[in-house]
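Please read the structure below before turning to the comments.
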Amino acid sequence: MIIPGRTLLTRTIIRNVQNPALQVQPCGVDLTLKRVLTWTSPGTIDLENQRRQTAATSEIPFPASSTTTPEERFLDLPQGSYLVEFNETVSVPLDLMGQIFVRSSLFRSGVLLTAGVMDSGYVGAVGALMQVLNPAGLRVYPSARLAQLVFHQMSEEVEGYAGVYQGRTAL
């Protein structure tokens, strides 16, 4: 069973929603862009996470709002891969799991979003891998709606997520 977008807000499962009138959808809530990052080092992954090390990142800043008009505050991203962080945060109940889907306006522009499962019990920041496949790139503005977060009802409550990313306020 999929939880309606309005229910996600009333139950405060999704927080920091920028514009509920625009973001709440029948099957979820649109996620908006907070920041864009690139990788500056390799990551390391193993079976038991003993050697795990996430890749270091560097933010691609938007032009300062004090020196530009809203129409001039954008990033022109060339073809490539980016880590995007959303404005919205989550507090996932023990009987739900979340999934992020790309908005159709992105894939129609040659851009894909990929993210992992949002486990029951996870609390914190939300992000995704954004791949700009379009050879002409992508122009993106602050708080652009990039994805839709959908929650599915689990058949029972579970213990919940207890990993290293729990409670993170940023990616």
With springs only between Cα atoms under 10 Å, which of Val158, Val123, Val102 fluctuates most in a Gaussian network model of the chain?
Val158
Got a sec? Which residues in region 131-171 would a label at Ser81 touch, if it sits 7 Å along Cα→Cβ and we count backbone N under 20 Å?
131-138, 147, 171
Of Ile100, Ser120, Val90, which is farthest on the positive side of the dipole of region 89-171, counting Cα position, with +1 on Lys and Arg Cβ, -1 on Asp and Glu Cβ, and the Cα centre as origin?
Ile100
Asn19 versus Arg139, label points 7 Å from Cα toward the beta carbon: distance in nm?
1.7
So which residue, out of Ile45, Ile13, Ile100, gets the largest mean-square fluctuation from a GNM of the chain using Cα contacts under 10 Å as springs?
Ile45
What is the distance, in nm, between label points placed 7 Å from the Cα along the Cα-to-Cβ direction at Ile45 and at Gln131?
1.3
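Grab the other residues whose beta carbon is less than 15 angstrom from that of Leu146, score K and R as +1, D and E as -1, and report the net. Provide the component values of the computation, followed by the final result.
On the way: positive: Lys34, Arg35, Arg103, Arg108, Arg139, Arg145; negative: Asp30, Glu85, Glu88.
Local net charge: +3.
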Note down the relative contact order for the chain as a percent, whole number, built from C-alpha pairs under 8 angstrom at least six residues apart.
28
Could you tell me which residue out of Pro26, Ser81, Thr67 lies farthest along the dipole of the chain toward its positive end? Charges go on the beta carbon: Lys and Arg +1, Asp and Glu -1, centred on the Cα centre.
Thr67
Between Thr10 and Ser109, the two model label points (7 Å from Cα along the beta-carbon direction) sit apart by a distance in nm of 3.3
Taking the Cβ-Cβ separation of Arg52 and Glu159 as r and a Förster radius of 22 Å, what is the calculated FRET efficiency to the nearest 0.05?
0.55
At q = 0.13 1/Å the base-10 log of I(q)/I(0) from the Debye formula over the alpha-carbon atoms of region 32-79 is -0.49
What does the charge dipole of region 21-129 about its Cα centre add up to, to the nearest 20 debye, if the Cβ of each Lys and Arg holds +1 and the Cβ of each Asp and Glu holds -1?
140
Two-decimal Rg/Rh of region 7-101 from alpha-carbon positions, Kirkwood Rh?
1.04
Pairwise centroid distance, computed over Cα atoms, of region 93-117 with region 31-46, Å:
16
Summing +1 per Lys or Arg and -1 per Asp or Glu among the other residues with Cβ less than 12 Å from Glu88's Cβ gives +1
Could you give the semi-axes, largest first, of the ellipsoid that matches region 55-140, computed as the square roots of 5 times the alpha carbon gyration tensor eigenvalues and rounded to whole Å?
27, 17, 12
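Just so you know, all these numbers are worked out from the coordinates, no wet-lab data involved. Since the model is a prediction, treat every value here as computed from it, not as a measurement. Neighbour counts run over all protein chains shown; Cβ positions are idealised from the backbone, glycine included.
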